[in-house]
Amino acid sequence: MGNVKSKQAGPSKKALTSCYKDCTALVKERKCAPILVRLAWHDCGNYDRNARNGGACASIRFDKELAHGCNAGLDGAMGLIQPLKDKHPGLSYADIIQMASAAAIEASGGPKIPMRYGR
(Lines give C-alpha, C1' and ligand atoms only; values in the text may rest on other atoms or scores of the structure.)
Protein backbone atom coordinates (compact mmCIF):
# COMPACT_ATOMS: atom_id res chain seq x y z
CA MET A 1 0.00 0.00 0.00
CA GLY A 2 1.12 3.57 -0.58
CA ASN A 3 2.38 5.68 2.28
CA VAL A 4 -0.80 6.03 4.32
CA LYS A 5 -1.06 8.93 6.72
CA SER A 6 -4.08 9.58 8.85
CA LYS A 7 -4.98 12.53 11.04
CA GLN A 8 -5.27 11.54 14.70
CA ALA A 9 -9.07 11.73 14.77
CA GLY A 10 -9.40 10.20 11.31
CA PRO A 11 -9.87 6.62 10.25
CA SER A 12 -7.68 3.86 11.68
CA LYS A 13 -4.73 2.50 9.77
CA LYS A 14 -6.40 -0.92 9.83
CA ALA A 15 -9.53 0.47 8.14
CA LEU A 16 -7.46 2.33 5.56
CA THR A 17 -5.31 -0.72 4.78
CA SER A 18 -8.36 -2.93 4.38
CA CYS A 19 -10.06 -0.48 2.03
CA TYR A 20 -6.86 0.03 0.01
CA LYS A 21 -6.65 -3.74 -0.53
CA ASP A 22 -10.27 -3.76 -1.67
CA CYS A 23 -9.57 -0.86 -4.05
CA THR A 24 -6.63 -2.74 -5.52
CA ALA A 25 -8.71 -5.89 -5.95
CA LEU A 26 -11.46 -3.87 -7.66
CA VAL A 27 -8.98 -2.41 -10.14
CA LYS A 28 -7.51 -5.81 -10.95
CA GLU A 29 -10.90 -7.53 -11.26
CA ARG A 30 -12.77 -4.83 -13.18
CA LYS A 31 -9.87 -3.26 -15.12
CA CYS A 32 -11.21 0.14 -14.11
CA ALA A 33 -8.07 2.12 -13.28
CA PRO A 34 -8.60 4.91 -15.84
CA ILE A 35 -12.16 5.75 -14.76
CA LEU A 36 -11.19 5.76 -11.06
CA VAL A 37 -8.31 8.16 -11.73
CA ARG A 38 -10.63 10.35 -13.79
CA LEU A 39 -13.22 10.33 -11.01
CA ALA A 40 -10.66 11.48 -8.45
CA TRP A 41 -9.35 14.17 -10.76
CA HIS A 42 -12.81 15.55 -11.48
CA ASP A 43 -13.63 15.53 -7.77
CA CYS A 44 -10.55 17.53 -6.78
CA GLY A 45 -10.19 19.61 -9.93
CA ASN A 46 -12.44 22.37 -8.61
CA TYR A 47 -10.01 23.49 -5.91
CA ASP A 48 -9.72 27.29 -5.80
CA ARG A 49 -6.48 28.39 -4.18
CA ASN A 50 -7.58 31.99 -3.78
CA ALA A 51 -10.95 31.15 -2.22
CA ARG A 52 -9.44 28.22 -0.31
CA ASN A 53 -12.34 25.93 -1.14
CA GLY A 54 -13.27 23.03 -3.36
CA GLY A 55 -10.98 20.11 -3.87
CA ALA A 56 -11.30 16.45 -2.95
CA CYS A 57 -14.59 16.68 -1.06
CA ALA A 58 -16.66 13.99 -2.83
CA SER A 59 -19.08 16.53 -4.28
CA ILE A 60 -18.75 14.53 -7.50
CA ARG A 61 -21.19 11.97 -6.08
CA PHE A 62 -24.14 14.35 -6.25
CA ASP A 63 -26.47 14.37 -9.26
CA LYS A 64 -25.87 18.07 -9.95
CA GLU A 65 -22.12 17.45 -10.32
CA LEU A 66 -22.56 14.23 -12.29
CA ALA A 67 -24.92 16.02 -14.70
CA HIS A 68 -22.19 18.48 -15.71
CA GLY A 69 -21.07 17.69 -19.26
CA CYS A 70 -17.41 17.19 -18.42
CA ASN A 71 -18.38 14.56 -15.85
CA ALA A 72 -20.16 12.34 -18.39
CA GLY A 73 -19.74 8.67 -17.51
CA LEU A 74 -18.58 9.23 -13.96
CA ASP A 75 -21.85 7.93 -12.55
CA GLY A 76 -20.51 4.50 -13.53
CA ALA A 77 -17.35 5.17 -11.56
CA MET A 78 -19.45 6.12 -8.53
CA GLY A 79 -21.19 2.78 -9.01
CA LEU A 80 -17.81 1.14 -8.50
CA ILE A 81 -17.12 3.24 -5.39
CA GLN A 82 -20.44 2.59 -3.65
CA PRO A 83 -19.73 -1.05 -2.66
CA LEU A 84 -16.44 0.12 -1.12
CA LYS A 85 -18.29 2.77 0.89
CA ASP A 86 -20.89 0.19 1.95
CA LYS A 87 -18.15 -2.16 3.16
CA HIS A 88 -16.12 0.62 4.83
CA PRO A 89 -18.74 3.00 6.29
CA GLY A 90 -16.21 4.60 8.64
CA LEU A 91 -14.30 6.09 5.71
CA SER A 92 -15.52 9.16 3.87
CA TYR A 93 -16.51 9.14 0.23
CA ALA A 94 -13.75 11.70 -0.38
CA ASP A 95 -11.10 9.43 1.10
CA ILE A 96 -12.35 6.37 -0.77
CA ILE A 97 -12.46 8.20 -4.12
CA GLN A 98 -8.90 9.47 -3.71
CA MET A 99 -7.70 6.13 -2.33
CA ALA A 100 -9.19 4.24 -5.27
CA SER A 101 -7.28 6.51 -7.64
CA ALA A 102 -3.98 6.00 -5.80
CA ALA A 103 -4.56 2.24 -5.68
CA ALA A 104 -5.42 2.25 -9.39
CA ILE A 105 -2.16 3.99 -10.27
CA GLU A 106 -0.10 1.62 -8.13
CA ALA A 107 -1.95 -1.50 -9.37
CA SER A 108 -1.26 -0.36 -12.94
CA GLY A 109 2.49 -0.25 -12.36
CA GLY A 110 2.76 3.37 -11.31
CA PRO A 111 4.33 4.77 -8.17
CA LYS A 112 3.00 4.55 -4.64
CA ILE A 113 1.37 7.87 -3.92
CA PRO A 114 1.61 9.26 -0.40
CA MET A 115 -1.85 10.25 0.80
CA ARG A 116 -3.40 11.96 3.79
CA TYR A 117 -6.77 10.64 4.89
CA GLY A 118 -9.40 11.89 7.26
CA ARG A 119 -11.42 14.33 5.17
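From the list 87, 64, 21, 31, the lone residue that is touching a residue at least 24 places away in the same chain (Cβ under 8 Å) and over 12 Å from the mean Cα position of the chain (by Cα) is 87.
Scanning the range 46-62 for residues that are surrounded by fewer than 12 Cβ atoms within 10 Å (Cβ to Cβ) and either modelled with pLDDT of 95 or more or part of a loop (DSSP other than H, G, I, E, B) (or both) yields a total of 5. With respect to residue 105, is the statement that it is surrounded by 13 or more Cβ atoms within 10 Å (Cβ to Cβ), touching a Leu at 6+ places or on another chain (Cβ under 7 Å) and under 19 Å from residue 117 (Cβ atoms) true? Spelling it out, it is not the case that residue 105 is surrounded by 13 or more Cβ atoms within 10 Å (Cβ to Cβ), touching a Leu at 6+ places or on another chain (Cβ under 7 Å) and under 19 Å from residue 117 (Cβ atoms). Suppose the filter is charged (D, E, K, R) and touching a strand residue (DSSP E or B) at 6+ places or on another chain (Cβ under 6 Å); does residue 75 pass it? So residue 75 fails the test.
If we keep just the residues of the range 63-97 that are at pLDDT 95 or above and of a type in the set (Lys, Arg), which is nearest to residue 33 (Cα to Cα)? Here the residue is 85.
Listed here are the residues, each with its yes/no results for (1) within 18 Å of residue 46 (Cβ to Cβ); (2) open to solvent by less than 30 Å² (accessible area, probe 1.4 Å); (3) in a helix (DSSP H, G or I); (4) among the acidic types (Asp, Glu).
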{"position": "70", "(1), (2), (3), (4)": "yes, no, yes, no"}
{"position": "79", "(1), (2), (3), (4)": "no, no, yes, no"}
{"position": "91", "(1), (2), (3), (4)": "no, yes, no, no"}
{"position": "97", "(1), (2), (3), (4)": "yes, yes, yes, no"}
{"position": "101", "(1), (2), (3), (4)": "yes, yes, yes, no"}
{"position": "119", "(1), (2), (3), (4)": "yes, no, no, no"}
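Among residues of the range 103-117 being outside any loop (DSSP other than H, G, I, E, B) and charged (D, E, K, R), the one that is farthest from residue 61 (Cα to Cα) is 106.
Listed by first and then second residue, the pairs with beta-carbon distance under 6 Å, at least 6 apart or on different chains, first residue in the range 98-117 and more than 16 Å from residue 39 (Cα to Cα), second of a type in the set (Ser, Thr, Tyr), are 107/24; 117/6.
The values are calculated or read from the model by the stated rules, or taken from the named source; none is laboratory data. If you're wondering where the values come from, they're calculated on a predicted model, not measured in any experiment. Heads up, the Cβs are rebuilt from the backbone with ideal geometry, glycines too, and the neighbour counts pull from every protein chain shown. Surface accessibility is based on the protein's heavy atoms, side chains included, excluding ligands, DNA and RNA. Shrake-Rupley method; radii C 1.70, N 1.55, O 1.52, S 1.80 Å.
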